[in-house]
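J.: Let me give you the structure first, and then I'll get to my questions.
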Amino acid sequence: MPTPCNIVVLISGSGSNLQALIDSIQTGNIPARISAVICNRADAYGLQRAQAAGIVTTLLDHKQFDGREAFDAALIEAIDGHNPQLVVLAGFMRILTPGFVRHYAGRLLNIHPSLLPKHKGLHTHQRALEAGDHEHGCSVHFVTEELDGGPLVVQAVVQVQSDDSPTTLAQRVNQQERVIYPLAVRWFAEGRLQLATHGAMLDEQLLPSTGHLIRT
């Protein structure tokens, strides 16, 4: 049996994508183990999810640090104490410094609730409706110094309904997040996914600019 991929997950909130990863690992779908969950908010429900799964948790309150660089330096120290092969951003609501991103180049994944490069940043569901988009969705990508701009790994597309609100649209997108994030992490853990000079590669083939597309 190969050694499971060692993962550290960063969260800020409810931890629904963290739970999807925990569940996928427990059922044997991902050959990995989560050695730690690190959070910047004491009230994040995701901490309870991690503790219930027997995962070590660390609270690192960004408000206790003098600036972004100081926080990210402490975050790097906390992460590297677990020697992970992959760092997963699962609703971690912090803009990371270039130094942090470079430190984990090629082993840092994020999920974003839009079909990137559309609707980078916040309030994506509202913005998709306001733009009159017929399709919306979510994207897993490697993290680079460009905000929400790294090479795409996989995207799930959902159809926008005429009676959608930001809430109903978010619910359908969230369901797909919990499908594609474990999938991307599984690819990485199996050694099939990597970041190359020209983009993301799966099974030694360069993925298209959209990543692997899943239509629901």
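J.: Counting Lys and Arg as +1 and Asp and Glu as -1, what is the net charge of the other residues whose Cβ lies under 14 Å from the Cβ of ALA32?
T.: +2
J.: Could you list the square roots of 5 times each eigenvalue of the Cα gyration tensor of the range 1-137, that is, the equivalent ellipsoid semi-axes, sorted largest first and rounded to whole Å?
T.: The equivalent ellipsoid of the range 1-137 has semi-axes of 25, 20, 15 Å.
J.: Among VAL179, VAL8, rank each residue by its count of other Cβ atoms within 10 Å, from fewest to most, as a rough exposure measure.
T.: If I rank by nearby Cβ atoms, fewest first, I get VAL179, VAL8.
J.: Another one. Starting from the eigenvalues of the Cα gyration tensor, five times each then square-rooted, give me the equivalent ellipsoid semi-axes of the range 112-216, largest first, whole Å.
T.: For the range 112-216, the ellipsoid semi-axes come out as 25, 14, 11 Å.
J.: Under 14 Å from the Cβ of GLN176, count the other residues' Cβ atoms, weight Lys and Arg +1, Asp and Glu -1, and hand me the total.
T.: Computed value for this residue: +1.
J.: Of the candidates GLY137, GLY46, GLY54, which one comes out as most mobile in a Gaussian network treatment of the chain with C-alpha springs shorter than 10 Å?
T.: Taking springs between Cα atoms under 10 Å, the residue moving most is GLY54.
J.: Please work out the Cα center distance from the range 67-141 to the range 7-31, rounded to the nearest Å.
T.: A separation of 16 Å, based on Cα centres.
J.: Just check the range 46-108 against the gyration tensor rule for me: Cα atoms, a ≥ b ≥ c as the square roots of the eigenvalues, rounded for a/c under 1.5, and otherwise prolate or oblate depending on whether a/b exceeds b/c.
T.: The shape class here is oblate.
J.: Under the rule that an exposed site lies in a DSSP loop and has at most 14 other Cβ atoms within 10 Å, name the longest stretch of the chain with no GluC sites (Glu not before Pro) of that kind, not counting the sites themselves.
T.: 1-144
J.: For LEU96, LEU213, what ranking results if the residue with the fewest other Cβ atoms within 10 Å of its Cβ goes first?
T.: Least crowded to most crowded, the residues run LEU213, LEU96.
J.: Would you mind ranking VAL56, VAL101, VAL9 by Cβ crowding within 10 Å, fewest neighbours first?
T.: With the fewest neighbours first, VAL56, VAL101, VAL9 line up as VAL56, VAL101, VAL9.
J.: Determine ³J(HN,Hα), in whole Hz, for all residues of the range 6-21 in sequence, where each value follows from phi through the Karplus function 6.51 cos²θ - 1.76 cosθ + 1.60 and θ = phi - 60°; x replaces Gly and Pro.
T.: These are the phi-based 3J(HN,Hα) values: 8, 10, 10, 10, 10, 9, 10, x, 5, x, 5, 6, 4, 4, 4, 5 Hz.
J.: Within a Cβ distance under 15 Å of ALA53, other residues only, what is the Lys/Arg minus Asp/Glu net charge?
T.: +1
Only the coordinates and a few stated rules stand behind these numbers; no lab work does. Just so we're clear, the structure is a prediction, and the values are computed from it rather than from any experiment. Positions of Cβ are generated from backbone atoms using ideal geometry, with glycine treated the same way; all protein chains shown enter the neighbour counts.
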